[in-house]
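**Student:** I have a structure here, written as structure tokens, and I will follow up with some questions on it.
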Amino acid sequence: MQIAVVVNGEEHVRDVEPRLLLVHFLREDLGLTGTHWGCDTSNCGVCVVHLDGVPVKSCTVLAVMADGREVRTVEGLARGADLDPVQRGFIACHGLQCGFCTPGMLMTARWLLDHDPDPSTEDIRAALSGQLCRCTGYENIVRSVRWAAENGSEAAS
Amino acid sequence: MQVPASFQYRKATSVAHALSLLAEYGPEARVVAGGHSLLPMMKLRLAHPEALVDINDLAELAEIRVEGGALVIGALVRHAELLSSAVAGRHFPILHDAERVIADPIVRNRGTVGGSLCQADPSEDLSAVFAALRAELVVRGLDGERVVAARDFFVGPYETVLADGELLVAIRVPIRPSVSAYVKVDRRAGDWAVGAAAAVLELAGGVVAEVGIGLTALGARKFVAAEAEDHLRAGPPSGERFAEAARIAAAHCAPTADQRGPVDYKRHLAGELVARALRGAVGRAA
């Protein structure tokens, strides 16, 4: 069936099978491979994107469910060459090692800061509790989000 | 790559439309909302519906309101919405206790209250909570509406009294002065319960006028510890009586051994969690 999805501000019209998952629609149909595809069971959180402004695990959302809605992926965080504060925070605080979990961490962190500009480390840990870093770099991930909170006044969004 | 088998997909535009779609596609159709139980089961071919009826657009099912002396929670209310609902937390803090430990924040953004109940997973948290609260489930079909007590909704694991073509539309929790709490033991953040207990107490004149005790993942019939409730009703809310109720609840539940623990451990947990939930609820009394 035909769907029209606004992804990072740009409308895409595609003919898709109902069983196509949103993560594969983004990666395969649109070529937006920044969103990673991990556990496939909504546990690991590498596939988190914003659906109408709310973070969801895109391995457990059908592409047809996004018809007529807005999706924001990690590619939509930066504005041109200006990285989002959460991206700069991950650079400043060494918030990634292998980088596989990073897109999902960034999208959830952005949403957290949009709703709570000054979260405690406990708040950050709770917000990210549905996401796994198999390098176990959680300390630096939490620090990175705190850095973004403290240095994020010029948020690209 | 895990991908579901092919199916037909229809987006419902109203409850009436959803019901007509369910009638059109028959028993092989399934309702999908958050999809966080159904889609993984479809990927694993544990479920293979021929058609999905998507109810995500039905705003009429997505409200939390107080109406007719009851808290009414629409079936499509997301877990995150129930967790952030001030009116729900004010009347029934147990709902926030439970929502705080259901899956993780991202899953809670998508998963729905009604979907969790209809999935009827024995380890799902809200089944015991609404059973303890003696909630009423409002079910609509083409022939009209019927109300099912939460305690009568569950037939067994993954099985409810919903007939083909019926849709759970709302959960009604009668508002009476009560104290309540839900306590859960899990192995890590966001995991299914090893065991959990729900307690709802209506206290009047120094006695327990009514009590609901729910058990999650512990093999309790209808998700409740009815014998423990009987023990507490009409007596004082004392620690001694709570301890005896906990012992009764542990004796009457029927947990099964799995990777989360052996039977004797889970039975011990049942007693301990019932005692903690009862104490936690009473501790909230003003």
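**Student:** Using only alpha carbon pairs under 8 Å that are at least six residues apart, calculate the relative contact order of the stretch A:85-151 and give it in whole percent.
**Tutor:** With pairs under 8 Å counted, the relative contact order is 56 percent.
**Student:** Which shape class applies to chain B: rounded if a/c is under 1.5, otherwise prolate when a/b exceeds b/c and oblate if not, where a ≥ b ≥ c are the square roots of the Cα gyration tensor eigenvalues?
**Tutor:** Verdict is prolate for chain B.
**Student:** Calculate the translational D of the stretch B:11-94 in whole µm² s⁻¹ from Stokes-Einstein, where the hydrodynamic radius comes from the Kirkwood formula applied to all Cα pairs, the temperature is 4 °C and the viscosity 1.567 mPa s.
**Tutor:** Calculated translational D: 90 µm²/s.
**Student:** Take the alpha carbon atoms of the stretch B:1-67, find their center, do the same for the stretch B:220-275, and report the distance between the two centers in whole angstrom.
**Tutor:** What the calculation gives is 36 Å, centre to centre.
**Student:** What's the magnitude of the charge dipole for the protein assembly as shown around its Cα centre, counting Lys and Arg as +1 and Asp and Glu as -1 at the beta-carbon? Answer in Debye, nearest 20.
**Tutor:** Dipole size: approximately 1040 debye.
**Student:** May I pose another question? Per residue of A:59-67, how many C-beta atoms from partner chains lie within 10 Å of its own C-beta, taken as a mean?
**Tutor:** 6
**Student:** Something else about it: Using helices alone, what [θ] at 222 nm do you get for chain A, with -39,500 (n - 2.57) per DSSP H run of 4 or more residues, divided over all residues and rounded to the nearest 500?
**Tutor:** Computed mean residue ellipticity for chain A: -8000 deg cm²/dmol.
**Student:** Something else about it: Relative contact order for chain B: what is it in percent, counting Cα pairs under 8 Å that are at least 6 residues apart?
**Tutor:** Across chain B, relative contact order equals 15 percent.
**Student:** Which whole number gives the average count of other chain Cβ atoms within 10 Å of the Cβ atoms across peptide B:45-55?
**Tutor:** Per-residue shielding by partner chains comes out at 1.
**Student:** Then there's this: With the full set of protein chains in place, find how many percent of the accessible area of the stretch A:1-108 is carbon and sulfur; take the probe as 1.4 Å.
**Tutor:** 48 percent
**Student:** With an 8 Å Cα cut-off and a minimum separation of 6 or more residues, compute the relative contact order for chain A in percent.
**Tutor:** Relative contact order here is 25 percent.
**Student:** Let me know the whole percent of all Cα-Cα pairs from chain A that are separated by more than 29 Å.
**Tutor:** 15 percent
**Student:** Compute the orientation-averaged projected area for the protein assembly as shown from the convex hull of its Cα atoms and round it to one decimal in nm².
**Tutor:** For the Cα atoms of the protein assembly as shown, the hull's average projected area reads 21.5 nm².
**Student:** What does the highest-first list of B:243-249, B:67-73, B:212-218 look like by mean Cβ count within 10 Å?
**Tutor:** So the order, starting with the most tightly packed, is B:212-218, B:243-249, B:67-73.
**Student:** What's the whole-number percent of alpha carbon pairs in the stretch B:59-174 lying beyond 16 angstrom?
**Tutor:** Cα-Cα pairs in the stretch B:59-174 separated by more than 16 Å: 56 percent.
**Student:** Rounded to whole Å, give me the distance from the Cα center of the stretch B:170-202 to that of the stretch A:1-52.
**Tutor:** 35 Å
The values are calculated or read from the model by the stated rules, or taken from the named source; none is laboratory data. This one's a predicted model, so the numbers in the text were calculated from it and none came from an experiment. A quick note on method: Cβ atoms are made from the backbone with ideal geometry, for glycine too, and the neighbour counts reach across all protein chains shown. Keep in mind that these areas ignore ligands, DNA and RNA; they rest on the heavy atoms of the full protein, side chains included. Shrake-Rupley method; radii C 1.70, N 1.55, O 1.52, S 1.80 Å.
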